[in-house]
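Worksheet for the structure shown next.
The values are calculated or read from the model by the stated rules, or taken from the named source; none is laboratory data. The shown structure was predicted, so the numbers you read here are calculated from the model rather than taken from an experiment. We place every Cβ from the backbone using ideal geometry, glycine too, and count neighbours over all the protein chains shown.
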Amino acid sequence: MLIKTKRVSDVSSSEITSESIYQQRREFLKKSGQFAFAGLGLALTGCSDASEKAAVSATSDYQDIPQLPASEWLKEKVATYKRSDFVTAEKLTPYANVTQYNNFYEFGYEKTDPADYAKDFVTDPWSVVIEGEVEKPGIYHLEDLLRPEAMEERIYRLRCVEAWSMVIPWVGFSLAAMLKRLQPTSKAKFVEFTTLYDPKQMPGQKSPFSAIQYPYVEGLRIDEAMNPLSFMAVGVYGKTLPPQNGAPIRLVVPWKYGFKSIKSIVKIRFIETMPNTTWALSAPGEYGFYANVNPNVSHPRWSQASERRLPATLLSPNRRDTLMFNGYADEVAHLYKGMDLQRFY
Ligand SMILES: Nc1nc2c(c(=O)[nH]1)N[C@H]1C(S)=C(S)[C@@H](COP(=O)(O)O)O[C@H]1N2
Ligand SMILES: [Mo]
């Protein structure tokens, strides 16, 4: 299956001025499974995209999705989310798969371990340290960090380096919006993210045989972090994040392998040099810093040309071709112009 992206530049000026055609186009893009950035067209007419969308009511959408324990303010914040144009018409991966087939090694290696062992993970109160090359460093209560951010839903594909994939409706906000508020200095060339280190709560961190070092660290080049697709999630399926999905706040970078999308973040550091990231440190021949989804660059032990879209079974493996940059090439390919992607995997 090919997912074509309609670019903002494909929209004629007459379309931009006509609200009804805009709506039709939105419907078309949704039905045809294309990925759209219609928001810029509206920006040209001077009205904001979000303001005209009704808040999605939790009772009409995802009505069977449980609200797990979370702080009151966060539940209320997540409930204010609006639909966005960052969507795909592909079928959503069922909530059961999204929340019971996880990678969160701090809670164990089996796919069901995080759901089993993160149940009592304490995520309230939560704070995030902002440090390094940035004008507004500090220890931020999560509530203060989120206060200025408008909540939106984004439906993204998630492609794990292990060659399975899902389609997940996240709730959260643009990473770029937050970074602009924090004001990186001109020396900030990379952004590094760190997961909580708390072996008392995270049994995987106690294991002497661990495949990786803790705390889990990930990072992006600053221009990758500022790309409109980069997202901070605080919810999924219209509710706050379950602990196994990285509560209370995690990164989502849809054109990169899932391991870049670091969970339960407690620190964001702005730095001049490329950070040492967990998987790249642990097995540099297998996992690189960039980790862009790329069907043409095999993992040393398996092909990345195709993937199992969950739910998948032995009888119905639901295999499909993996797309360059996970289908987001139009949005991100320019970031890697002139780079040898075989070398910088
Ligand atoms: N801290 C931390 N973040 C993590 C991981 C992890 O083990 N620890 N696993 C990563 C991997 S390999 C994937 S595929 C995604 C899975 O996200 P999900 O379980 O919410 O689908 O989380 C990523 N973030
Ligand atoms: Mo992954």
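A few remarks follow.
- Test result for VAL171, within 15 Å of the chain's Cα centre (by Cα) and within 16 Å of ligand 2 (Cβ to nearest atom): no
- Exactly one residue out of SER32, SER18, SER84 is modelled with pLDDT of 50 or more and either more than 24 Å from LEU145 (Cβ to Cβ) or surrounded by 13 or more Cβ atoms within 10 Å (Cβ to Cβ) (or both), and it is SER84.
- Among the residues making up region 69-111, those that are in a loop (DSSP other than H, G, I, E, B) and within 10 Å of ligand 1 (Cβ to nearest atom) are THR93, TYR101, ASN102, ASN103, PHE104, GLY108, TYR109, LYS111.
- Residue within region 112-119 that is closer than 26 Å to SER210 by Cα, away from ligand 1 (no atom under 12 Å from the Cβ), of a type outside the set (D, E, K, R) and surrounded by fewer than 16 Cβ atoms within 10 Å (Cβ to Cβ) present: no
- Identity of the residue in region 251-287, surrounded by 24 or more Cβ atoms within 10 Å (Cβ to Cβ) and under 15 Å from VAL122 (Cα atoms), that ends up farthest from ligand 1 (Cβ to nearest atom): SER264
- Neighbours by Cβ (under 8 Å, 6+ apart or cross-chain): first from region 211-226, part of a helix (DSSP H, G or I); second within 16 Å of ligand 2 (Cβ to nearest atom): GLU224/VAL253
- Among residues of region 249-297, those that are among the small types (Gly, Ala, Ser) and more than 15 Å from ligand 2 (Cβ to nearest atom), counted: 2
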